[in-house]
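Any read-out appearing in this document is the output of simple, stated calculations on the displayed coordinates, not a laboratory observation. The structure presented is a predicted model; accordingly, all values stated were derived computationally and were not measured. Neighbour counts are summed over all protein chains in view; Cβ atoms, including those assigned to glycine, are modelled from backbone coordinates with ideal geometry.
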């Protein structure tokens, strides 16, 4: 009995040790899973290259040899003369240049082109018109932009080499108002007052400003814009996905420091993936677990291999731990020209 009892105790202890070790392993695995967010990107199969300001066939070939198999193209097909149709000739030629190399394409649609010339505008805080830019509170303008998106998506969804779509509408050809003072139209005021009524608040005769410093009404206005624009584009993307033939449809969904909230770069829950800039420590993303991130911040921050090792690699490792994915960004000298940089500044960042 003693031996049996001793044997049972030994076996029990052995089992206890085994279970303890197993539980420890599970805890370790769980901690790893919590530390590294799940990668939910629908673009896992693609290595994406983004030419920022134009490219040559030699650039394409270099990208292909470097291992990139997909090119993100920002396109803006013009409207027909009567503005009732989209002219795809130049955009088709651009797409064909890429697919002729055996590479896939992600189509980024610069949506304001669909507004036409002189029919729609956003409004600045001082009342000035920002011509041919989207006012998300102007229902007819939103309908027009959605028509443009849908027309382009339907056209390129027939091409098996086009693997995803990204509608855009605002600053930097991404999303968000084109300045901190934009988005101040009478349409915005009307929608704001509708929102205020749901909270039991009285209507306002004009939109609040920050002229007297931070104030509650202005904060309410910014909150309203975020909620309204998020809902509007969330519903729009859900509708557009029906025309994409199963391709993912994404949108820029960036988070900046506090001042950046004035751009209202919103979350779009129905979007299949989120785009943002991963190369800057102060910028984040509404959905890092399904993101595709630019990496052009490398050119601003890294002037040596040591900078790359000490700044960029740890930053990208952290982003990857959040579930993020990255694309390569090609920045030509045109980038400096487009942003109005002086020659000295362009030279200082390596252009």
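Structure above, values below:
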{"item": "Fewest-first sequence of 120, 180 by Cβ atoms within 10 Å of each Cβ", "result": "180, 120"}
{"item": "Between the range 41-73 and the range 98-145, the alpha-carbon center distance in angstrom", "result": "25 Å"}
{"item": "Distance between modelled label sites at residue 317 and residue 204, nm, 7 Å Cα→Cβ extension", "result": "4.6 nm"}
{"item": "Segment residue 147-residue 117, length gained on full extension (0.36 nm per residue, minus Cα span)", "result": "9.2 nm"}
{"item": "Length added when fully stretched, residue 197-residue 158, from 0.36 nm per residue minus Cα-Cα", "result": "9.5 nm"}
{"item": "Ordering of 109-115, 308-314, 156-162, 259-265 by packing [mean C-beta count within 10 Å, highest first]", "result": "109-115, 259-265, 156-162, 308-314"}
{"item": "Gain on full stretching of the segment that runs from residue 231 to residue 258 - 0.36 nm per residue minus C-alpha separation", "result": "7.6 nm"}
{"item": "FRET efficiency estimate (nearest 0.05) - Cβ-Cβ, residue 62 to residue 270, R0 30 angstrom", "result": "0.25"}
{"item": "Relative exposure of 345, 221, judged by other C-beta atoms within 10 Å (fewest first)", "result": "345, 221"}
{"item": "Packing-based exposure ordering (other Cβ within 10 Å, fewest first) of 295, 56", "result": "56, 295"}
